[in-house]
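A quick write-up on the structure given underneath.
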Amino acid sequence: MKVLVPLLALAMFSLCTYSYFEFEHHLPYPTLKEVASNYQSYVGERVFIFGTVAGVTEETCVISAGNLNFTIDHIPTRVGDKVEVLGRLGENYRIAVEKVLVYERMSYFMEFCRSLVGAALLAFFFLMYWKFKIKKFKFVGRK
Amino acid sequence: MDWIAHVLTPWIGCKLLQLKLRKLMDREIALVMLGAILPDIVALNYLLQALGIGAERFIMPFHTPVGAALVAAMISLMFPKWKRAFFLLTVGFATHFALDSLLLHADGGMALLFPFNWRWGFQLGLIPPDSWIPAIITIIIAACLLSALTKSAICALRIPHLTKSRAAHVSASFCVPSFRKTANRRRAPSTECRD
């Protein structure tokens, strides 16, 4: 049994390392880093960005993702909201939007708050039936 | 999807299953619930991002079935019956992926076949990730179920012809352990709950 723990940990570490080195090669769209390093070669290609709304005018919205600012046509959103944008990259960091999903700032924050409540619920329920024995490094059921 | 929905969904499922499967104990349900949030270890990435560390690429495998299974295997070794614990944690993280498959994204999604295939997707696109709906639905169902179980546990204690073991089982299906202690006590018959 004691052999299993390092083996499993090694397997997990290998999986994470594999993901770290291969992640970008398997993404369907160019990364922000790639776009920033060679912008012109990606003009006309589909991109997917996740960023924060940095500015809104009557005609456009500015989306900040990484160190880049992209412009899209106006959508009903506010500064600080998070957005997922799928679209075609044009000149001057303009994206012709094909699909967009907006997370309102408060709504995004509330998701974390709800998750904290869920975590507390789980901790309460779990610790009601299990306790951790540090010496044995095992959980034992409460009687 | 938030953790309220992730934690309560397996609780609801297990509690309903418990009515049929007497062997399923509350402490085992707690393990299923724990398993249900295992893939969201990736949420650590938010914390790391706040510290200026970009670990998304490294941490991604935790939100895949293979990665979650490895984590479940490691955690299960910390429990007395590790095979049973692993099974319960696996059921838990399966519910996680089932719920996450309902989510809506502009594109992409989960890489369920990682590391064998890097296909991103597997989303039905029904619910926005920040939606309150799953949490509200699960809270309502859980509250109704808890109320029904509480009522049946109280009734079980009052019905005279109920055997000791049956009474203990019904009261054990209610989540508060103190009820178990009182379950074995025979109470005077009451006409209120016989219907």
Residues (under 14 Å from residue B:136 (Cα atoms) and surrounded by fewer than 24 Cβ atoms within 10 Å (Cβ to Cβ)) located in the stretch B:5-27: B:12
The stretch A:90-143 - residue that is polar (S, T, N, Q) and over 30 Å from residue A:43 (Cα atoms) and, of those, surrounded by the most Cβ atoms within 10 Å (Cβ to Cβ): A:115
Yes/no for residue A:79 being modelled with pLDDT under 95 and either surrounded by 14 or more Cβ atoms within 10 Å (Cβ to Cβ) or assigned to a strand (DSSP E or B) (or both): no
Entirely in the stretch B:5-89, the helices (runs of 4 or more DSSP H) that have 2 or more residues that are at the interface with chain A (Cβ under 8 Å from one of its Cβ atoms), farther than 18 Å from residue A:15 by Cβ and touching a strand residue (DSSP E or B) at 6+ places or on another chain (Cβ under 7 Å): B:26-35
Test: residue A:49 is surrounded by 14 or more Cβ atoms within 10 Å (Cβ to Cβ), at pLDDT below 95, more than 11 Å from chain B (Cβ to nearest Cβ) and not in a helix (DSSP H, G or I): no
Flag for residue B:130 being without any contact (Cβ under 8 Å) to a residue 24 or more places away in the chain and under 28 Å from residue A:47 (Cβ atoms): yes
Hey, residue A:84 closer than 30 Å to residue B:136 by Cα, modelled with pLDDT under 95, within 10 Å of another protein chain (Cβ to nearest Cβ) and part of a helix (DSSP H, G or I) or not: no
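The values are calculated or read from the model by the stated rules, or taken from the named source; none is laboratory data. Remember, predicted model here, so these are calculated numbers, not experimental data. Heads up, the Cβs are rebuilt from the backbone with ideal geometry, glycines too, and the neighbour counts pull from every protein chain shown.
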